[in-house]
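Note sheet for the following structure.
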Amino acid sequence: MTAEDLAAGTSTGIGNLLAAFAAMADDIDLDTVLKRVILAACQLVDARYGALGVIGPDQTLSQFITVGLEDDEIAQIASLPRGEGVLGLLITEPQPIRLHDLRQHDRAVGFPKHHPQMTNFLGAPIRIHGTVFGNLYLTEKNGGEDFTSTDEQQLVALAAAAGVAIENSRLFDESTRRTRWLEGGLNAARELLEQSDDARNDLELIAHHALHASHSDLTVVLRDFGHQRGLICEAGDGVNAGAFIGQSGADNAQLEGLTAQSSPLLLTLEDIDRLLPGAPPATISTALCTRLADAGERQFLLFGRSERSTPFSDVDHEMVRSFTSHVSLALELLRVHRQREQEAVFGDRDRIARDLHDLVIQRLFAAGLSIQSLRKYVSAREPLERITTVTAELDATIRELRDTIYSLRSVPQITPSFTSSIFALVASAFEGQDLQPVVHLSGPLDAVIDPEWADHVRAVLLESLSNALRHADAHCITMTLQALPDRLELKISDDGRGFEQTTSESGLANMRRRAELCGGTILISSPLGQGTDVLLTVPLTPDD
């Protein structure tokens, strides 16, 4: 090789290296930077295959980004490397490695099924402030040649520059995530405190903002009803959220020590399965769980991510507490505001009751006495009967007014929401049972339900659950309650044995009577051996 060739080769190598540096610095997004690093490495040393492995806290590869493999090839490989064999050597001994045939190395463990066979190998660690962030792995130099010492030097230089680019990108990513968390918490608090939409569901709103603030795959709100009744998922958003809502679990011991001030709890797949048995499998593999600070309630907010999502970082752990504090403060302010509104309404009711008692009833009573006094001036039969009729009507009016006064003063100062009462009723009905209930609620139930109708709906639900638990011998009982534009529907289904006899129909008659009282209809279907379906429909149109 002549001096001119050597100089040209050196110039080309420097040019390629500078081009690789420029490619890495072309974007600030962390995932994009990692992809650009491995692409630049492959182009720099002319490798067919390349990978960048990010080292996790447990000293295994938490992320593995590949170049050169097609999507269908990746799909056929059972699992991506976790950091064993030669790849693990770079983790335990972070020094550049250059091999003629990695299959002949002492640490070689072979390739998984459907993995392309690879021979020559070049690897180098990526360091950030003296700590190994990950490793670059390159195989199969084009042309069939081995990687050279020049390739190794250039890869080491590229790895050093990659460390700077990755650190800058990571700092930017952390800043962006903090901003997203803060904005999500503030937006959730703002919408909670807005009073313009009476049909909204506060917990669904929280789950929605939590999902987008955390970039999770699923968020759910769990409520602990105490007395060993376990947890029930009241709201959720994200992948398969509808299948989680209504699921319940009795094993909530791991959340006993969790307070609104403590750090969020990192849950594994096994922990999630214990909290919500029967939930769709493989939806999420890990989760962060924190408690919402709400007076008198034990509610938990769970952020879940799938196996393919980015693991929760220290920033996520930190910002979960910030998000929860904003939401919890908004819930407390909202609770106080609603309590004051309720107290103002009850104050007006008390004032109206006093006015009716002190003014209206007294005047009616005085008028009745005056009319009664006319008897001594009248002797004819017809006027006396007329006086008796008028005084009787006045007495009836006074009695009705007194009933109205008692009803005005007997309303409890704080009443639970309709949906909360439904969850509490279900939890109480299933207490001590081996079955776990499945509850699906949808629509603005609290806003559309009439309080009197709510009592009838709860009565039908309780009677149906009681019949199913005592007589159906069912393995699964599902309750669906939804508010549609023109009606409210309650459906209770079980997979039990159906009606075997109809000698006692008092319970069914009670349910039909309840349906009539709220202007609705009830359909009961129970073929032998095929389970039972109870469908209550209550109209919500103004005419009804």
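A75 - would you say it is in contact with a helix residue (DSSP H, G or I) (Cβ under 6 Å, 6 or more places away or on another chain) and either over 19 Å from I166 (Cβ atoms) or not in a helix (DSSP H, G or I) (or both)? Criteria not met by A75.
Within region 445-465, the residues that satisfy the criterion of being under 28 Å from the mean Cα position of the chain (by Cα) and part of a helix (DSSP H, G or I) are L445, D446, A447, V448, A454, V457, R458, L461, L462, L465. Scanning region 301-345 for residues that are more than 20 Å from E183 (Cα to Cα) and either basic (K, R) or buried (at least 22 other Cβ atoms within 10 Å of the Cβ) (or both) yields R305, R308, R335, R338, R340.
Restrict the check to region 129-142 and report whether at least one residue is under 30 Å from D237 (Cα atoms) and polar (S, T, N, Q). No, the conditions are met nowhere in region 129-142.
Among the residues of region 78-95, what is the count of those that are touching a helix residue (DSSP H, G or I) at 6+ places or on another chain (Cβ under 7 Å) and modelled with pLDDT of 75 or more?
Keep residues of region 78-95 that are touching a helix residue (DSSP H, G or I) at 6+ places or on another chain (Cβ under 7 Å), which gives 81, 83, 86.
From the residues that got through so far, the ones that are modelled with pLDDT of 75 or more too are 86.
The number of residues fulfilling the criteria is 1.
Assess whether V390 counts as being more than 30 Å from H475 (Cβ to Cβ), at pLDDT 75 or above, of a type in the set (A, V, I, L, M, F, W, C) and surrounded by 13 or more Cβ atoms within 10 Å (Cβ to Cβ). Yes.
Taking the stated definitions as given, is R103 surrounded by 13 or more Cβ atoms within 10 Å (Cβ to Cβ) and closer than 16 Å to L61 by Cα? Criteria not met by R103.
Residue count for region 455-470 satisfying the condition of being closer than 15 Å to P437 by Cβ, of a type in the set (A, V, I, L, M) and in contact with a strand residue (DSSP E or B) (Cβ under 8 Å, 6 or more places away or on another chain): 4.
Just one of the listed residues (A157, A189, A162) is farther than 30 Å from S325 by Cα, modelled with pLDDT of 85 or more and out of contact with any Asp or Glu (no Cβ under 7 Å at 6 or more places or on another chain), and it is A157. For region 141-155, indicate whether the set of residues that are on the phi > 0 side of the Ramachandran plot and assigned by TED's automatic domain parsing to the domain that holds Y49 is non-empty. Yes, some residue in region 141-155 is on the phi > 0 side of the Ramachandran plot and assigned by TED's automatic domain parsing to the domain that holds Y49. Pairs are defined by a Cβ separation below 7 Å, a sequence spacing of at least 6 or placement on different chains, a first member in region 464-487 that is within 19 Å of T537 (Cβ to Cβ) and modelled with pLDDT of 85 or more, and a second member that is of a type in the set (G, A, S) and part of a loop (DSSP other than H, G, I, E, B); the pairs so defined are Q482/G443; A483/G443; L484/G443.
Taking region 29-69 as the range and being β-branched (V, I, T) and in a helix (DSSP H, G or I) as the test, the residues that pass are T32, V33, V37, I38, V45. Only residues that are modelled with pLDDT of 85 or more and either among the small types (G, A, S) or closer than 24 Å to G432 by Cα (or both) were counted in region 491-518, giving 7.
Residues in region 138-191 that are acidic (D, E) and either touching a residue at least 40 places away in the same chain (Cβ under 8 Å) or part of a loop (DSSP other than H, G, I, E, B) (or both): E140, E145, D146, D151, E152, D173, E174. Going residue by residue through region 87-95, is there one that turns out to be in contact with a Ser or Thr (Cβ under 9 Å, 6 or more places away or on another chain) and of a type outside the set (D, E, K, R)? For region 87-95, residues in contact with a Ser or Thr (Cβ under 9 Å, 6 or more places away or on another chain) and of a type outside the set (D, E, K, R): present.
Condition check ((1) modelled with pLDDT of 90 or more; (2) within 30 Å of I245 (Cα to Cα); (3) within 22 Å of the chain's Cα centre (by Cα)) across all residues:
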residue: G130; (1), (2), (3): no, no, no
residue: Y137; (1), (2), (3): no, no, no
residue: F147; (1), (2), (3): yes, no, no
residue: W181; (1), (2), (3): yes, yes, yes
residue: E194; (1), (2), (3): no, yes, yes
residue: R200; (1), (2), (3): no, yes, yes
residue: L211; (1), (2), (3): yes, yes, yes
residue: L218; (1), (2), (3): yes, yes, yes
residue: V221; (1), (2), (3): no, yes, yes
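The set of residues in region 466-482 that are part of a loop (DSSP other than H, G, I, E, B) and on the phi < 0 side of the Ramachandran plot comprises A474, H475, C476.
The values are calculated or read from the model by the stated rules, or taken from the named source; none is laboratory data. All values derive from a computational prediction rather than experimental measurement. All Cβ positions, even for glycine, are placed from backbone atoms using ideal geometry, and neighbour counts span all protein chains on display.
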